[in-house]
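Chemist: Quick one: this structure, given as structure tokens, is what I'll be asking you about.
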Amino acid sequence: MHKRVTIYGLTFSLPLLLWQLLFFVFPLVFLVALSFWTVRNFRMQPDFDTVNWVTMYGRSVFWQSYGLTLAMAAAASAITSILAFPCSYAIAFKLTPGMRQLAIFMMVIPFFTSYLVRVYSWQIFLSDNGIINGLLGLAGLGPLPMLNTVFATMIGYLTLTFPLVVLLQLFSLIFVDRTLIEAAHNLRCGRLRTVFAVVIPSARVGLVIAALFSFILCFGDFVSPIYLGGGDPTTLSILITDTTKSGQQWPRAAVIALTMIATLLAVAFAAVRFAYKGAGK
């Protein structure tokens, strides 16, 4: 049956359409146009020239930053998903409804504070004279260099995405059919085999979407690489700020931003296609 398009339905969908046009489509179109402008004497001119694309794609530092950002975001999303799954699984299957509500509330609490504040607090823990190195010193170990490293950046990524990934995984695991788990137990499947053969395939959509959100947030994050990683090695978000400070090269920064957007769209389409693969069968 074909659904009829009515004025009533269009009226209620209009706010979403306007939101997408004002805050996504129009800025994206302007960003594309900006990437073809040129900068002369520190002033941008609305020309149509591909020099910015040729310049940025011809620099090895761009591709090094691109590969590093891609690898770190992928690693962070994988680590976060793996660490979050036991937590979300325990909340979904082991806790009572009352305790489950409390656990969900505890996962929401981190969003009450600024992400930047949480990153600053990690500086206190990870510095050479910080809390962790102080405890290691009491044990006769350290101090270990942790701040301004890739390790510290990954800690920041987990701080940003872990609660969200747990919640997204949890909302998917809650709706797993319990009769399938009971059937697996009746067929003498162990707990671990049941998780991999029944639970994970049944919750695949939610698990993939959770990992996708983690990748998106980490790929574009600026706070952790600069305040915990020390800005070295350079990620794409840091490269954007460095490019704008170098001769007001906003058009070249637009090239980097568009490359990031294209990458995220490609990853998102691939992840969603994998998540829903075979779902209609």
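The values are calculated or read from the model by the stated rules, or taken from the named source; none is laboratory data. Since the structure is predicted, the reported quantities are computational estimates derived from the model, not experimental observations. Cβ coordinates were reconstructed from backbone atoms using ideal geometry, including for glycine residues, and neighbour counts include every protein chain displayed.
Chemist: Which residues, counting only those in segment 222-263, are out of contact with any helix residue (DSSP H, G or I) (no Cβ under 6 Å at 6 or more places or on another chain) and over 30 Å from Asn41 (Cβ atoms)?
Modeler: Listed by number, the residues that qualify are Gly230, Asp232, Ala262, Thr263.
Chemist: Sticking with this structure for a sec: Could you pull out the residue among Val199, Val272 that is surrounded by 16 or more Cβ atoms within 10 Å (Cβ to Cβ) and in a helix (DSSP H, G or I)?
Modeler: It is Val199.
Chemist: Tell me yes or no: at least one residue of segment 59-67 is of a type in the set (A, V, I, L, M), surrounded by fewer than 17 Cβ atoms within 10 Å (Cβ to Cβ) and either over 25 Å from Ile216 (Cα atoms) or at pLDDT 95 or above (or both).
Modeler: No, segment 59-67 contains no residue that is of a type in the set (A, V, I, L, M), surrounded by fewer than 17 Cβ atoms within 10 Å (Cβ to Cβ) and either over 25 Å from Ile216 (Cα atoms) or at pLDDT 95 or above (or both).
Chemist: Can you tell me which residue in segment 94-103 is surrounded by the most Cβ atoms within 10 Å (Cβ to Cβ), limited to those that are touching a helix residue (DSSP H, G or I) at 6+ places or on another chain (Cβ under 7 Å) and assigned to a helix (DSSP H, G or I)?
Modeler: Selected residue: Ala103.
Chemist: Separate question: Taking the condition of being among the aromatic types (Phe, Trp, Tyr), over 11 Å from Thr159 (Cα atoms) and either surrounded by fewer than 11 Cβ atoms within 10 Å (Cβ to Cβ) or at pLDDT below 90 (or both), how many residues in segment 106-124 meet it?
Modeler: 1
Chemist: Would you say Val208 is under 26 Å from Ala71 (Cα atoms), surrounded by 17 or more Cβ atoms within 10 Å (Cβ to Cβ) and of a type outside the set (Lys, Arg)?
Modeler: yes
Chemist: When you scan segment 225-242, do you find a residue that is closer than 20 Å to Val166 by Cβ and not basic (Lys, Arg), even just one?
Modeler: No.
Chemist: Out of (1) loosely packed, with under 14 Cβ neighbours inside 10 Å; (2) of a type outside the set (S, T, N, Q); (3) modelled with pLDDT of 90 or more; (4) touching a strand residue (DSSP E or B) at 6+ places or on another chain (Cβ under 9 Å), the odd one out for Gly247 is which?
Modeler: (3)
Chemist: State whether the residues of segment 41-56 include one that is part of a helix (DSSP H, G or I), without any contact (Cβ under 8 Å) to a residue 24 or more places away in the chain and surrounded by fewer than 15 Cβ atoms within 10 Å (Cβ to Cβ).
Modeler: Yes, segment 41-56 has at least one match.
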